[in-house]
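The values are calculated or read from the model by the stated rules, or taken from the named source; none is laboratory data. Only a predicted model underlies this, so the values are computations on that prediction, with no experimental measurement involved. Counting neighbours? That spans all protein chains shown, and the Cβs are built from the backbone with ideal geometry, glycine included.
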Amino acid sequence: MRQIVTVIGARPQFIKAAVVSRALAAAGAHERIVHTGQHYDAQMSGVFFDELGVPKPTVNLEAGSGSHAVQTGAMMVRLERFLLDGPLPDYLIVYGDTNSTLAGALVAAKLQVPVAHVEAGLRSFNRRMAEEINRIVTDRLSDLCFCPTATAVANLRAEGRTSGVLMTGDVMRDATRFFADRAAVRAPLDILTEHAPATYFLATVHRAENTDDPDRLRAVFEGLGRLNGPVLLPLHPRTRSKLAALTVPENVTLLEPAGYLAMLTLVRHARRVLTDSGGLQKEAVWLGTPCITLRYETEWLETLAGGWNRLVGTDPAAIAAAAVTEPEGPAPVFGEGPEGGASEVIAAHLCREREKGGKGEC
Ligand code: UD1
């Protein structure tokens, strides 16, 4: 039986693991989940395990918050101890681009445990982002790079990497598909009794480059204030901690961080999504809601087709203008796996690949 250790720790990773863990179990793998503890508040962590059916973690490393080195270092020390307690797995899976991803990849690679990176090959080409550094290092250390899009495959090829690279489709696409209808049933939201479909804007802001720069954060809030309708803003704790220095415009309603099902419901009915999240850009387009991205670049170029996603950065006038510009044509199709669900492709590959005769024969 294939032995897998999965390392997750931040919100979007719980969502991705929900669909891949289900596929791994169906493929007959034995999986142990390590929660690094990067996200620890109930609304940032527990709610995702409860509502998405992610298997209970075997261990929580309780690394918590801190500077990049403090946080990543704490995860590494504790993960190494866990892995050395054995048995070492056939693969260690990491997701995306957080500090939990980097810690998992570094520790496994040094213990000669093959690393499988889900959501490999993405690039913003902006090394001021911690996430870009995490992605580059993780891809280099990974034996298997599971890419969500052809763009991601091309990015790796441009860096000279072709072996062990597999275009699987996007596990977030699987998650949206699997949970969207359940969300409509299981997450009726009080707030939506006050806001009819397509009357409100949904915003999220949490990227360090926006929250930790007072001018940029002020500009984002000014832009939200210029929108011609109510704005619902579920607040990441990082952003909440910066509120004292800000004026929250009257049309903006602050909400607690939302669980995944609630978020899908909010996205589906919004007039526009405004965000600096990576995953939310895709979810908006998949659910047919135009997106406005509060950044100057995106890893998800496919979302930009037909103006379904517009990169406006933090300029208030650009934010307001994008909100009244309609996209052209149907929403772009992207993130589809070549053989159906990306999670199934990944699970099947991890479970048969060694038998086929070695790593990287994709
Ligand atoms: C991290 C990821 C980011 C991802 C995001 C998803 C890195 C470098 N960044 O950013 O790529 O998009 O997760 O949400 O890994 N905090 C709490 N409670 C929690 C978690 C965090 O209060 O449960 C607060 C703490 O003050 C902490 C701050 O939020 O210092 C930032 O948390 P951290 O995990 O460092 O990064 P995120 O901004 O969440």
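Some points to look at:
- Figure legend. Inter-residue proximity from the stretch 17-41: first residues in contact (Cβ under 8 Å) with a residue 60 or more places away in the chain, second residues part of a strand (DSSP E or B) and within 16 Å of the ligand (Cβ to nearest atom), beta-carbon distance below 7 Å, spacing 6+ or different chains. Indicated pairs: Ala17/Ile8; Ala17/Tyr95; Val20/Val118; Val34/Val7; Thr36/Val7.
- So Gly329, is it farther than 23 Å from Phe221 by Cβ, in the same structural domain as Leu224 (by TED's automatic domain parsing), at pLDDT 95 or above and not in a helix (DSSP H, G or I): no
- When Gly169 is tested against (1) over 21 Å from His206 (Cβ atoms); (2) over 14 Å from the mean Cα position of the chain (by Cα); (3) surrounded by fewer than 24 Cβ atoms within 10 Å (Cβ to Cβ), exactly one condition is not met: (3).
- Residue in the stretch 113-120 that is touching a Cys at 6+ places or on another chain (Cβ under 9 Å), over 24 Å from Ala69 (Cβ atoms) and away from the ligand (no atom under 16 Å from the Cβ) present: yes
- Any hit, the stretch 334-343, residues being charged (D, E, K, R) and modelled with pLDDT of 95 or more: no
- Among the residues of the stretch 234-271, those identified as among the aliphatic types (A, V, I, L, M) and more than 18 Å from the chain's Cα centre (by Cα) are Leu243, Ala244, Ala245, Leu246, Val248, Val252, Leu254, Leu255, Ala270.
- Filter result (surrounded by fewer than 20 Cβ atoms within 10 Å (Cβ to Cβ) and within 22 Å of Asp41 (Cα to Cα)) within the stretch 212-232: Asp212
- Residue match in the stretch 339-348 (condition: touching a residue at least 40 places away in the same chain (Cβ under 8 Å) and either in contact with a Leu (Cβ under 7 Å, 6 or more places away or on another chain) or closer than 30 Å to Leu217 by Cβ (or both)): yes
- All of Thr275, Thr253 fail the test of being buried (at least 20 other Cβ atoms within 10 Å of the Cβ), touching a strand residue (DSSP E or B) at 6+ places or on another chain (Cβ under 9 Å) and at negative phi, apart from Thr275.
- Residues being of a type outside the set (Phe, Trp, Tyr) and closer than 21 Å to His269 by Cβ - total across the stretch 281-305: 14
- Residue list for the stretch 1-42, filter: part of a helix (DSSP H, G or I), more than 17 Å from Tyr91 (Cβ to Cβ) and within 14 Å of the ligand (Cβ to nearest atom): Arg11, Pro12, Phe14, Ile15
- Selection status of Glu80, surrounded by fewer than 18 Cβ atoms within 10 Å (Cβ to Cβ) and at negative phi: yes
- Residue within the stretch 49-70 that is of a type in the set (Val, Ile, Thr), within 16 Å of the ligand (Cβ to nearest atom) and surrounded by fewer than 20 Cβ atoms within 10 Å (Cβ to Cβ) present: yes
- Residue check, Arg135 within 26 Å of Val70 (Cβ to Cβ), within 16 Å of the ligand (Cβ to nearest atom) and among the basic types (Lys, Arg): yes
- Some residue of the stretch 79-96 being within 16 Å of the ligand (Cβ to nearest atom) and over 19 Å from the mean Cα position of the chain (by Cα): yes
- Residues of the stretch 98-140 satisfying the condition of being outside any helix (DSSP H, G or I), hydrophobic (A, V, I, L, M, F, W, C), farther than 26 Å from Phe334 by Cα and in contact with a strand residue (DSSP E or B) (Cβ under 8 Å, 6 or more places away or on another chain): Val113
- Single condition Ala183 does not satisfy, out of (1) at pLDDT 95 or above; (2) under 23 Å from the mean Cα position of the chain (by Cα); (3) assigned to a helix (DSSP H, G or I): (1)
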